[in-house]
1. Taking Cα pairs under 8 Å and at least six residues apart, what relative contact order does the chain come out at, in percent?
2. Select one label from (1) 1.27; (2) 2.29; (3) 1.39: the one whose number is Cα Rg over 2.2 N^0.38 Å as derived from the coordinates shown.
Amino acid sequence: MARPKLNGTGAFVWAFSIDKETHRMIKELSRSLGLNNDSAVVRMAVRRLYQEIKA
């Protein structure tokens with residue numbers, strides 16, 4: 001289970017495990033978007049999914 005922890009900047013830090021296929025997808029999306037930040041890809045995906053569900 002993932003547990004949030006507040007870091008020194010006031011942002012939450014989550015620690016969780018993902019499978020190899022999901023990790024590969026994150027890396028592939030990161031490369032195709034020209035990002036060097038896998039966390040940004042995950043944040044973008046979560047926000048997009050949230051918007052789709054709430055729409």
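1. 19 percent
2. It is the value labelled (1).
Just so you know, all these numbers are worked out from the coordinates, no wet-lab data involved. A quick note: this is a predicted structure, and the numbers were derived from the prediction, not measured.
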